[in-house]
Amino acid sequence: MTDKKPQTMGQQYGRRSWAEPWKIKMVEPIILKTLEERQQAIEEAGYNTFLLRSEDVYIDLLTDSGTSAMSDRQWAGMMLGDEAYAGSRNFYHLEEAIREYYGYQHIVPTHQGRGAEHLISQAVIKPGQFIPGNMYFTTTRLHQELAGGTFVDVIIDEAHDPASTHPFKGNIDLDKLQELIDRVGAEQIAYVSLAGTVNMAGGQPVSMANVKAVRALCESYNIRVYLDATRMAENAFFIQEREEGYASTPIAAILKEFCSYTDGAWMSGKKDNLVNIGGWLAVNDEAVFDKARNMVVIYEGLHTYGGMAGRDMEALAIGIHEMVQDDHIASRVNQVRYLGDLLESWGIPLVKPIGGHAVFLDARAFYPHIPQNQFPAQTLAAQLYIDSGVRAMERGVVSAGRDPETGDHRYPKLELVRLTIPRRVYTQAHMDVTAEAVMAVFEKREETRGLKMVYEPEYLRFFQARFEPLK
Ligand code: P61
């Protein structure tokens, strides 16, 4: 025992503490399996955390996708589902919410984000065209490729450097974009694919100044800008926090201004929008809307439900309203930062600055002795599960997949493990337990060996690939 008085987290940082703007009304028990059980579970899962059963997981930081806790209002909304095949009242509520908060005119509901990615890619990409964007996302790029397009990364160089503390690491490099336009010609560019808080870069934001500049450049060549709005509310928080002139602008106003510089957006409602399932595409151009609305009936469902039940659309509409509340988004991002700051202060290598939805561990720096073709990030995610039952996600060479032309692994500069924080689900104590688990794995790093891949599916291999430990 020391005679030092324990301190709250706020006191440790010399400020008043903050707390989440909600209280818990319903709980779901979780249990920690024994070490032997966890070892067996990860072996049966082929050392792939996507293949674990959720009941074998203690703290589930695989993803923030579809894992949010809904509010009592959203659950009440579920009871107001109008399950008519056509013209459900909940669709019109959703349409109103998207028009009000994002500002786009025409809405096509989809079962989740990749449904919307499919529609926009098929509607606007002509085979042979290029799609510049601020770093790839797995499903987004695959849909662009399946439509005959080629994704080109035009994000600023800082995004590929885990140690860079640039405040807007999601920004597009205008010189790279200009160079592509000069090289292939504006008519060969299908659109600019701009994502808010870039997932694969570590949840890093785009500044308002950058989207304005991208808009101006694209306008001069008549190139459209489409937004991956999946985590755009979190992006708005970083603008409010870091960009001059926005400190007292509400999140809702920042979001709407940002979207006004784009021609439309696709959305996984399973993140910012605080629902367990759902997505949408929204555009201003009537011709694009017409194509997408025609296609949705083939692949998703009628254009007034697109794969969602009426009750899901109601919860989604309410979730959009809740997501832009300033106290909600501040507590969400600050919980992620709490975990990140703790780990950083202990010297754990991670992506800086801490992003909006997750803490990304730098597996290359964690395991400098494991070469990238022995999957350091996959190894780290498996080790973390074995140590503590905490489930994380690989975001490195396995996620990057193979180059469709050469068939070789794509070796991304970032070899990361994502500790993704579901919204309104875990407490500060869960963050503390997680941080200690990462530390325990870090202390054992030198004796840890890599993996070899023994099964590899053709598309989005990281979901189902299997591995074995190297001897
Ligand atoms: C995630 F391992 N994200 O982050 P859907 N855009 C963006 C996303 O983050 C996103 C989608 C589009 C997930 C789920 C997931 O490689 C993976 O609703 C920025 O999931 O279809 C999804 O939205 C697609 C996990 C997706 C992955 C792909 O955990």
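Things worth noting here:
- Computed E for ILE24/ASP326 - FRET, C-beta separation, R0 30 angstrom, nearest 0.05: 0.90
- √(5λ) per eigenvalue of the Cα gyration tensor, region 186-311, largest first, Å: 26, 20, 12
- Accessible area per residue, Å², the chain with all protein chains present, probe 1.4 Å: 43
- Values of log10 I(q)/I(0), in the order q = 0.10, 0.18, 0.21 Å⁻¹, for region 1-158 under a Debye, Cα-only, solvent-free model: -0.77, -1.21, -1.25
- Zero-based 5 Å bins, Cα pair distances in region 267-365, whole percents: 2, 12, 15, 15, 14, 11, 11, 10, 7, 3, 1
- Sites matching chymotrypsin sites (Phe, Trp or Tyr not before Pro) across region 334-370 that sit in DSSP coil, with at most 13 neighbouring C-beta atoms within 10 Å: TRP346
- Taken over the chain, the alpha-carbon convex hull comes to 152 cubic angstrom per residue.
- Qualifying GluC sites (Glu not before Pro) in region 94-145, DSSP loop, other Cβ atoms within 10 Å at most 13: none
- Geometric descriptor of region 161-239, per residue, is 94 Å³ (volume of the convex hull of the Cα atoms).
- Segments 172-178, 436-442 sorted - mean Cβ within 10 Å per residue, highest first: 436-442, 172-178
- Note that region 23-70 shows a convex hull volume over its alpha carbon atoms of 86 Å³ per residue.
- The calculated 222 nm mean residue ellipticity attributable to helices in the chain amounts to -12000 deg cm²/dmol, summing -39500 (n - 2.57) over DSSP H runs of n ≥ 4 and dividing by all residues.
- Net charge, TYR261 excluded, C-beta distance under 13 Å - Lys, Arg +1, Asp, Glu -1: +1
- Computed from Cα atoms alone, the Kirkwood hydrodynamic radius reported for region 382-471 is 15.0 Å.
- Judged by the ratio a/c of the largest to the smallest principal axis of the C-alpha gyration tensor, region 204-268 counts as oblate, that ratio being 1.5 or greater while a/b is no larger than b/c.
- Surface composition of the chain: carbon plus sulfur atoms contribute 50% of the solvent-accessible area (1.4 Å probe, protein chains only, all chains present).
- The value given for region 78-155 is a Kirkwood hydrodynamic radius of 14.6 Å, derived from the mean inverse Cα-Cα separation.
- Loop-located trypsin sites (Lys or Arg not before Pro) across region 413-442 with a Cβ neighbour count of 15 or fewer within 10 Å are LYS413, with loop assigned by DSSP.
The values are calculated or read from the model by the stated rules, or taken from the named source; none is laboratory data. From a predicted model like this one, the values you see are computed outputs, not experimental measurements. Every residue, glycine as well, gets a Cβ built from its backbone with ideal geometry; the counts of neighbours run over all protein chains shown. We work out accessible area using only protein heavy atoms, side chains counted, and drop any ligands, DNA or RNA first. Shrake-Rupley method; radii C 1.70, N 1.55, O 1.52, S 1.80 Å.
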